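The structure appears right after this line, and notes come after that.
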Amino acid sequence: MAEKKTTTKAAPKAAAEKKAPAKKAAAKKVEVAINAENVGFKAGDVYQALAAAGKALTVAEIAKTAKIATEEVYLGIGWLFKEGKVKGENNLVALA
């Protein structure tokens, strides 16, 4: 009589080790106070970032340098454009 080899099968790893679904980071919603004082401060932040860099920067670069949100950068740029302190160059913002 032939001997049968018996082997025990382990449960598949995928079934045995269930991973928790990856949590998606919630997008930060920035609430910007729209008043003359706050917009003026953001304009100052943008101006200082451009002055420190000494060259034209993108909006993302300004936000990173000034440590403010891109929405706040746009507010500051608008203020500075109105005053004639900045200009646009090839999708970059530079001091005028």
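Under the condition of being free of Cβ contacts under 8 Å to residues at least 24 places away in the same chain and under 13 Å from the mean Cα position of the chain (by Cα), which residue from region 67-96 is least open to solvent (accessible area, probe 1.4 Å)?
70
Return only the number of the condition from (1) more than 21 Å from the chain's Cα centre (by Cα); (2) surrounded by 14 or more Cβ atoms within 10 Å (Cβ to Cβ); (3) at pLDDT below 95 that residue 8 does not satisfy.
(2)
Quick one: which residue in 63, 22, 43, 15 is assigned to a loop (DSSP other than H, G, I, E, B) and either at pLDDT below 95 or surrounded by 10 or more Cβ atoms within 10 Å (Cβ to Cβ) (or both)?
22
The values are calculated or read from the model by the stated rules, or taken from the named source; none is laboratory data. Remember, predicted model here, so these are calculated numbers, not experimental data. Note that we place each Cβ from the backbone using ideal geometry, even for glycine, and neighbour counts take in every protein chain shown. Remember, those area values only see protein heavy atoms, side chains included, never the ligands or the DNA or RNA. Shrake-Rupley method; radii C 1.70, N 1.55, O 1.52, S 1.80 Å.
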